[in-house]
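Here the structure comes first, spelled out in structure tokens, and everything after it is commentary.
Nothing in this text is a laboratory measurement; each read-out follows from the coordinates by a stated rule. Because the structure is a prediction, the values reported are computed rather than measured. Neighbour counts run over all protein chains shown; Cβ positions are idealised from the backbone, glycine included.
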Amino acid sequence: MNEVKKIDKEMDQFVVIGLGRFGKSVALTLASLGKEVLVLDDHPDAIKQIENQVSGAVVADSTGTDVLASLGVQNFDCVVNCIGEDLQASILTTLICKELGVKYIVAKAQTEQHKKVLEKIGADMVVFPETYMGRKVASTLANPSLNEILSLTDNLKIVEMATPDSWIDHSIGDMNIRNKYKITIIFIRRNKEIISPDQSTVILKDDTLIVAGEVNKINALSNKTKNVLDANQSLKDALDE
Ligand code: ATP
């Protein structure tokens, strides 16, 4: 499990360094959420692609003398260092941010060793985007009737689940679901709408159930389910450009 420093207040101002696919996606998502985003890349083309969609854009080498200091990156709430391939630039950029006193540093790692170094020099959160997405895609392929939303504890999860065969056309009350299966249906997604169900709600074949429950109970049910989730829905993040 990664050691991640707690984010103790809402962050509004970000610097995103390195506009590869990951950096670009981080910068544009933050901007679309109304955050102030300054992007920096040493390739003018990378900057040109998104400069009109963010608050500020700079073509510069983040490891250059005083580049980050003169931009005042320490005055932003967070720096996201998305340089991956150039190990030296990734480490040096994180180190400079740390020395400048940046409040929260997120850094992207390529390997386990890279991650260890980034943590040692003070990155507050180290991410492996490819590993995370690889896990997500693999688990959807291996179990297409289940999509994990949130892991509350090792044993307790909130998931999206296709309707188990034996539940189709029965009401939640009739099936006595909470007592019999130790699973709580929180919401039902039906024809793109979200329903908050009660005991009288009848479960339909094409419903997607958002449920909370113990891992072994959820897995036992989904193993017996022929229905599958809409892959587009469960792999939404992976399929979005
Ligand atoms: P992704 O997988 O997200 O596409 P990547 O791992 O291939 O990215 P890199 O190739 O390391 O990432 O670089 C991402 C971006 O960072 C590139 O646009 C590159 O120009 C930029 N970059 C690399 N080093 C520096 C640096 N020292 N200063 C500024 N930008 C840099």
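Compute the label zone of LYS224 within the stretch 178-208: residues whose backbone N is under 20 Å from the point 7 Å along Cα-to-Cβ.
Counting only backbone N, you get 178-186, 202-208.
Got a sec? How would THR153, THR63 order by Cβ neighbour count within 10 Å, fewest to most?
Ascending Cβ contact count within 10 Å gives the list THR153, THR63.
Which percent, to the nearest 5, of DSSP beta bridges fully inside the chain are antiparallel?
Around 55 percent of the beta bridges assigned by DSSP in the chain are antiparallel ones.
Report relative contact order for the chain in percent, whole number only (criteria: Cα-Cα under 8 Å, sequence separation at least 6).
Result for the chain is 14 percent.
Specify the residue with the greatest mean-square fluctuation among ASP154, ASP42, ASP66, computed from a Gaussian network of the chain linking alpha-carbon atoms under 10 Å apart.
ASP154
Which residue, ASP169, ASP41, ASP207, has the most motion in a Gaussian network model of the chain that connects Cα atoms within less than 10 Å?
ASP169
May I ask which of LYS35/LYS115; LYS48/LYS115; LYS35/LYS136; LYS6/LYS108 have a Cα-Cα span longer than 25 Å here?
LYS35/LYS115; LYS48/LYS115; LYS35/LYS136
Name the residue from ILE195, MET11, SER171 whose Cα lies farthest towards the positive end of the charge dipole of the chain, charges +1 on Cβ of Lys and Arg and -1 on Cβ of Asp and Glu.
SER171
Quick check for me: using +1 on Lys/Arg Cβ and -1 on Asp/Glu Cβ, what's the dipole size of the stretch 13-130 about its Cα centre, in debye to the nearest 20?
The dipole of the stretch 13-130 has a size of about 300 debye.
Which whole-number percentage describes the relative contact order of the stretch 13-130, with Cα contacts under 8 Å and a sequence gap of 6 or more?
Once normalised by length, the contact order is 23 percent.
Give the total of Lys-Lys pairs in the stretch 137-240 with Cα-Cα distances below 26 Å; include a pair only if its members are 8 or more places apart or on different chains.
Summing the qualifying lysine pairs gives 28.
List every residue whose amide H lies under 5 Å from the amide H of ASN227, counting only residues 5 or more places away in sequence or on a different chain, with H placed 1.01 Å from N in the peptide plane.
Under 5 Å from the amide H of ASN227: ASP165.
Report, in debye and to the nearest 20, how large the dipole of the chain comes out about its Cα centre when Lys and Arg carry +1 and Asp and Glu carry -1 on their Cβ.
Around 860 debye, computed over the chain.
In sequence order, what are the phi-derived ³J(HN,Hα) couplings for the stretch 75-85 according to the Karplus relation 6.51 cos²θ - 1.76 cosθ + 1.60 with θ = phi - 60°, rounded to whole Hz, with x for glycine and proline?
Once θ is set to phi - 60°, the couplings for the stretch 75-85 become 8, 8, 6, 7, 10, 10, 8, 9, 6, x, 5 Hz.
What residues have an amide H closer than 5 Å to that of VAL16, excluding those fewer than 5 places away on the same chain, when H is modeled at 1.01 Å from N in the peptide plane?
Long-range HN contacts for VAL16: LEU38, VAL39, LEU40, VAL80.
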